[in-house]
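The values are calculated or read from the model by the stated rules, or taken from the named source; none is laboratory data. Remember, predicted model here, so these are calculated numbers, not experimental data. In this analysis, Cβ positions are derived from the backbone assuming ideal geometry, glycine residues included, and neighbour counts consider all displayed protein chains.
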Amino acid sequence: PQSRLGIVALADLSMTGNRKGGNVYICSRVTDIESNIVMDGTLFSYGKEDDCAEKDGNILIDDEGLPIFDSSTIASVLRHQLAIVGLVYANNTYGGSFLDPPMLGDGTVLGDNSEQNIAKARLYDLNFLRYASAEANTAEGKTDQLCWVGSVKLSQYLIPNKKIYKEAPFPYPLPIWEKICETNFPKDNVHELKPNGIANIIYNSPTEDLPIFGHPETKKK
């Protein structure tokens with residue numbers, strides 16, 4: 001089916017300071033989005049261990065519009081798999097944090113390859129919308145196999161039978177993807193699935209009648 005939701009985020013250039021809007025923020029607990037998303041700014045993941053609200057008064061976005069994370073917990077907060085089905089136009093990079101020096105989503109090249117600059121560039125890098133959490137398959141004594149950590153929430157789109165079976169996030173050290181490290185799942189009902197990453201953007205065209213995104217005149221021709 002075609003994607004029916006459209007999201008447009010425009011920056012307000014009349015605002016003073018570095019935070020002018022135009023970004024889209026995805027809560028770290030969200031695993032599935034079916035939408036066409038266009039923004040002047042950047043697509044970010046944000047949140048805390050338990051939720052994405054500011055019930056305790058903590059600010060989750062800084063004055064530049066960047067998500068605030070504790071460097072020691074970001075991988076845990078962003079551990080859940082994400083699948084965006086639709087399309088995304090944004091000022092992100094694909095691999096910008098691996099460059100020397102790193103690059104931000106708007107093309108800004110940071111001064112050096114410092115740990116601080118790499119961490120900032122990762123916020124813009126689609127490779128780090130989420131962080132894969134894996135562990136050895138010690139439950140079955142197969143320590144050379146990797147599995148999803150049990151607390152990881154998987155995409156319902158990618159793995160509809162996730163309560164039965166979970167695929168591993170990386171093909172290392174073996175060139176195959178393994179099941180979750182648990183012994184209490186029905187081994188006779190394993191859901192086979194091609195490998196998917198921790199963060200996935202899967203193109204799906206918008207409906208023809210969706211404002212801005214759709215082109216109903218094309219059908220008339």
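Scanning segment 97-123 for residues that are over 21 Å from Ile74 (Cα atoms) and charged (D, E, K, R) yields Asp100, Asp106, Asp112. Looking only at residues in segment 195-221 that are within 21 Å of Leu126 (Cα to Cα) and at pLDDT below 85, which one is surrounded by the fewest Cβ atoms within 10 Å (Cβ to Cβ)? By that ranking, first place goes to Pro195.
Starting from residues that are surrounded by 15 or more Cβ atoms within 10 Å (Cβ to Cβ) and within 16 Å of the chain's Cα centre (by Cα), keep the ones in segment 61-75 and report whichever is modelled with the lowest pLDDT. Step by step, filter segment 61-75, then rank; the result is Phe69. Residues that are touching a residue at least 12 places away in the same chain (Cβ under 8 Å), farther than 25 Å from Ala9 by Cα and part of a loop (DSSP other than H, G, I, E, B) within segment 70-94 comprise Ser71, Thr73, Arg79, listed in sequence order.
In the set (1) surrounded by 13 or more Cβ atoms within 10 Å (Cβ to Cβ); (2) more than 15 Å from the chain's Cα centre (by Cα); (3) at pLDDT 90 or above, Ala90 fails one condition alone, (2).
Residue count for segment 95-106 under the criterion of being part of a loop (DSSP other than H, G, I, E, B) and either of a type in the set (D, E, K, R) or within 12 Å of Thr42 (Cβ to Cβ) (or both): the result is 4. Taking the criterion of being touching a Lys or Arg at 6+ places or on another chain (Cβ under 9 Å) and of a type in the set (A, V, I, L, M, F, W, C), the residues of segment 76-105 that qualify are Val77, Leu78, Leu82, Leu104.
Just wondering, is there one or more residues in segment 140-154 that are aromatic (Phe, Trp, Tyr), surrounded by 18 or more Cβ atoms within 10 Å (Cβ to Cβ), assigned to a loop (DSSP other than H, G, I, E, B) and at pLDDT below 95?
Within segment 140-154, the subset aromatic (Phe, Trp, Tyr) is 148.
Narrowing the set further to residues that are surrounded by 18 or more Cβ atoms within 10 Å (Cβ to Cβ) leaves 148.
Of the ones still in play, those that are also assigned to a loop (DSSP other than H, G, I, E, B) are none.
Checked segment 140-154: no residue is aromatic (Phe, Trp, Tyr), surrounded by 18 or more Cβ atoms within 10 Å (Cβ to Cβ), assigned to a loop (DSSP other than H, G, I, E, B) and at pLDDT below 95.
In segment 33-50, the residues that are closer than 27 Å to Asp209 by Cβ reach residues that are hydroxyl-bearing (Ser, Thr, Tyr) and in a strand (DSSP E or B) with C-beta atoms within less than 9 angstrom, at least six apart or across chains, in these pairs: Glu34/Ser3; Ser35/Ser3; Asn36/Ser3; Asn36/Tyr89; Ile37/Tyr89; Val38/Tyr89; Met39/Tyr89; Leu43/Tyr25.
Figure legend. Inter-residue proximity from segment 5-29: first residues closer than 15 Å to Leu66 by Cβ and modelled with pLDDT under 90, second residues of a type in the set (Asp, Glu) and assigned to a loop (DSSP other than H, G, I, E, B), beta-carbon distance below 7 Å, spacing 6+ or different chains. Indicated pairs: Gly17/Asp63; Asn18/Asp63; Asn18/Glu64; Arg19/Asp63; Arg19/Glu64; Lys20/Asp12; Gly21/Asp12. Given the criteria aliphatic (A, V, I, L, M) and surrounded by fewer than 18 Cβ atoms within 10 Å (Cβ to Cβ), does Val109 qualify? The answer is yes for Val109.
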